[in-house]
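The values are calculated or read from the model by the stated rules, or taken from the named source; none is laboratory data. Fair warning: this is a prediction, and the values are worked out from it, not measured in the lab. Virtual Cβ from ideal backbone geometry, glycine too; neighbours counted across all protein chains shown.
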Ligand code: AMP
């Protein structure tokens with residue numbers, strides 16, 4: 001069974017995000033970029049399925065400008081077999097990404113597509129769900145545990161999801177779409193030797209036109225604002241003083 005993993009290049013989660021002076025967007029100049037953490041979990045899960053003998057090939061795909069090849073190489077160093085970049089001038093909105101991925105799914109026919117549950121830069125949480133709708137495949141979102149049974153014939157993906165107050169387990173007929181939650185696994189680090197080997201693994205570049213997709217803009221980013229600066233706290237001398245302030249000033253108790 002082939003697994004397709006969709007990965008996004010985002011600002012590194014350790015970086016303190018700066019907003020451009022004109023509030024039009026986040027300032028990405030000289031900022032460290034990385035693999036979206038939920039996508040890293042998706043890559044790890046696919047590699048574990050390959051190591052367990054369930055998957056025969058792991059293909060990673062990313063949509064965006066040439067720079068996304070850096071994250072594709074990271075995924076190849078982690079253990080993916082080959083990569084596809086879909087070359088676009090800017091990072092497209094989720095519907096466009098989903099349309100492009102749907103065409104890759106049509107061409108590659110993976111038994112399973114694994115995506116992150118959300119990208120940490122724009123927090124959309126849309127692409128996996130849209131891809132499932134466009135391809136007509138069942139979806140298990142926010143996976144906390146994933147098992148594949150009976151593949152390749154009559155295969156099922158058993159997805160356990162964290163929901164309010166408990167866990168919910170679904171059985172999806174393959175081919176299916178799964179999106180990863182934080183606790184699905186702990187991604188490995190790439191070894192230096194694997195980083196070197198990844199440079200030689202195949203990376204194919206396609207354009208939206210090659211896939212027959214016309215990108216349309218449906219969403220306009222109006223403004224980006226940094227969160228309000230936190231005010232300094234104060235020290236109180238006793239528990240009684242704290243309770244008094246919580247009761248009479250903050251009025252929270
Ligand atoms: P989002 O819907 O933007 O929150 O993203 C959810 C997931 O969709 C991500 O974790 C990726 O797996 C995938 N995705 C979103 N944007 C891209 C992109 N430009 N290229 C590849 N995968 C993407």
The conditions are (1) touching a strand residue (DSSP E or B) at 6+ places or on another chain (Cβ under 8 Å); (2) surrounded by 17 or more Cβ atoms within 10 Å (Cβ to Cβ); (3) modelled with pLDDT under 95, and residue 128 fails exactly one of them. Which is it? (3)
Just to be sure before I move on: is residue 110 touching a residue at least 40 places away in the same chain (Cβ under 8 Å), more than 13 Å from the chain's Cα centre (by Cα), more than 24 Å from residue 66 (Cβ to Cβ) and within 16 Å of the ligand (Cβ to nearest atom) in the structure I sent? yes
Scan region 242-250 and tell me whether some residue there is part of a loop (DSSP other than H, G, I, E, B) and more than 30 Å from residue 74 (Cβ to Cβ). yes
Mind listing just one residue for me: the one in region 98-107 that is touching a residue at least 60 places away in the same chain (Cβ under 8 Å) and near the ligand (Cβ under 9 Å from one of its atoms) and, of those, nearest to residue 154 (Cα to Cα)? 101
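For region 55-70, which positions are more than 8 Å from the ligand (Cβ to nearest atom) and more than 30 Å from residue 155 (Cα to Cα)? Before the answer, list the steps.
Within region 55-70, the subset more than 8 Å from the ligand (Cβ to nearest atom) is 55-60, 65-67, 69-70.
65, 66, 67, 69, 70 - these are the residues of region 55-70 that are more than 8 Å from the ligand (Cβ to nearest atom) and more than 30 Å from residue 155 (Cα to Cα).
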Residues being within 11 Å of the ligand (Cβ to nearest atom) and part of a helix (DSSP H, G or I): count how many of those fall in region 120-141. 5
Can you spot a residue in region 142-157 that is at pLDDT 95 or above, within 13 Å of the ligand (Cβ to nearest atom) and either more than 30 Å from residue 24 (Cβ to Cβ) or crowded, with 19+ Cβ neighbours inside 10 Å (or both)? yes
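Which ones in region 99-120 are over 16 Å from residue 175 (Cβ atoms) and either touching a helix residue (DSSP H, G or I) at 6+ places or on another chain (Cβ under 8 Å) or modelled with pLDDT under 95 (or both)? Write out each step before concluding.
First, pick out the residues of region 99-120 that are over 16 Å from residue 175 (Cβ atoms): 99-100, 116-120.
Selection gives 99, 116, 117, 118, 119, 120.
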Going through region 1-22 one residue at a time, which ones are buried (at least 17 other Cβ atoms within 10 Å of the Cβ), assigned to a loop (DSSP other than H, G, I, E, B) and either under 19 Å from the mean Cα position of the chain (by Cα) or near the ligand (Cβ under 10 Å from one of its atoms) (or both)? 7, 8
Filtering region 75-97 down to residues that are away from the ligand (no atom under 13 Å from the Cβ) and surrounded by fewer than 22 Cβ atoms within 10 Å (Cβ to Cβ) yields 77, 79, 81, 82
